Amino acid sequence: TTERQPEERSYLKWLFMYLLLLSEKRGPYVTGMSWLKEDGSHSIFKRPIRAVEFVKERQFVDVISQVDGNTTWLAGHTRWPTRGAVEVVSNAQPLRASRIVGCHNGTILNADALFGRFNFPRFAEVDSEIIFRMADDTLRGGCIDIPVLKERLAYCRGQMSAVLASKLDAKTVVIIKGNMPLELRYHPEYEVVVYASDPRYLDVAVPPDLGWEHVETKPKTIITFHCDDLPHFDSVPFTLAGLR
């Protein structure tokens, strides 16, 4: 929000960096970050290095310094590769698939078959891209069509939790909480939702005694947040192939 004070933005940037460093244990091979703004502009920076080295990079400082009152989403990712060479930057996350920017935790076992089935373009070796191509293909008026996305996700076989947004609807953030861990916290004063793949990181970085509240969500749901109506969200169940 543009009403957020400079010291609040500084704290939230520090918090983002702290959570990124805590998350290094889950992926010490590649680190990435991205922001998205109300006008649909975005930036992605990623390197095949540990988070502790990533945050020392001059470009990291340059990218995070551009986070301002118009920023709607700031995402970080640390990678433990299952598919795709770690030295190839296009395999790192966050990923952009046309008008969608997102991060995924898990492995889609039948991603190659789904790329063929739907005849989607592909720029990376990683299976994660199929989720964001599916989301991009659902866009209606720039917005992710949740019922159609739900139908597409039912074709996916494997493990999945993901966070994504459309550049054409940048104030809406979609969270796919599947069969991989993903936890959320909300702070009423800062009016911000933070997430991590391990609740222990949130317990350390955003404890309840500092005003952070647990956001109750269920596995195998698609959750939609709008920046102007936090902490409320819409939630619909979905299934993955083999998990019906």
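The values are calculated or read from the model by the stated rules, or taken from the named source; none is laboratory data. If you're wondering where the values come from, they're calculated on a predicted model, not measured in any experiment. For neighbour counting, all protein chains shown are included, and Cβ atoms are generated from backbone atoms with ideal geometry for every residue, glycine included. Heads up: the accessible areas ignore ligands, DNA and RNA and are worked out on the full protein's heavy atoms, side chains in. Shrake-Rupley method; radii C 1.70, N 1.55, O 1.52, S 1.80 Å.
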Query raised in the report: Regarding region 58-200, what are the three Cα extents along the principal axes, ordered largest first, in Å?
Result: 45, 36, 29
Query raised in the report: What length, rounded to one decimal in nm, is gained on full extension from Asn179 through to Leu210, with 0.36 nm per residue of separation minus their alpha-carbon distance?
Result: 8.2 nm
Query raised in the report: Can you run phi through the Karplus equation (6.51, -1.76, 1.60; θ = phi - 60°) for region 27-39 and list ³J(HN,Hα) in whole Hz, with x for Gly and Pro?
Result: x, x, 9, 9, 10, x, 8, 7, 10, 9, 10, 3, 7
Report task. Provide the descending list of Cα extents for region 55-134 along its principal axes, expressed in whole angstroms. Result -> 41, 27, 18
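Once the piece of chain linking Val89 and Ala154 is laid out straight, how much longer is it, given 0.36 nm per residue of separation minus the C-alpha distance between them?
20.5 nm
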Report summary line: Counting only backbone N atoms under 19 Å from a point 7 Å out along Cα-to-Cβ of Thr82, the residues of region 105-122 in range are 105-116
Report task. Report the accessible area of Tyr155, computed with a 1.4 Å probe over the heavy atoms of all protein chains in place, in Å² rounded to the nearest 10. Result -> 90
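Which shape class applies to region 148-213: rounded if a/c is under 1.5, otherwise prolate when a/b exceeds b/c and oblate if not, where a ≥ b ≥ c are the square roots of the Cα gyration tensor eigenvalues?
On the way: a/c = 3.68, a/b = 1.56, b/c = 2.36.
Note, shape of region 148-213 comes out oblate.
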Requested in this report: Using the charge dipole of region 139-244 (Lys, Arg: +1 at Cβ; Asp, Glu: -1 at Cβ; taken about the Cα centre), state which of Thr224, Pro207, Gly158 has its Cα farthest towards the positive end.
Outcome: Gly158
Query raised in the report: Hey, rough spin-label estimate for Thr224 and Ser41, points 7 angstrom out along Cα→Cβ, what's it come to in nanometres?
Result: 2.8
Report summary line: Calc'd 3J(HN,Hα), region 130-140, phi into Karplus 6.51 cos²θ - 1.76 cosθ + 1.60 (θ = phi - 60°), Hz, glycine/Pro = x, comes to 4, 4, 6, 5, 4, 4, 4, 6, 8, 4, 10
Requested in this report: Quick one: pull the percent of accessible area on the chain belonging to carbon and sulfur, 1.4 Å probe, ligands and nucleic acids left out.
Outcome: 51
Query raised in the report: Considering amide H positions built from the backbone, and no H for Pro or chain starts, which residues 5 or more places from Leu139, or on another chain, come under 5 Å of its amide H?
Result: Asp145
Query raised in the report: Based on the Cβ-Cβ distance from Ser65 to Lys171, what FRET efficiency comes out when R0 is 22 Å, to the nearest 0.05?
Result: 0.50
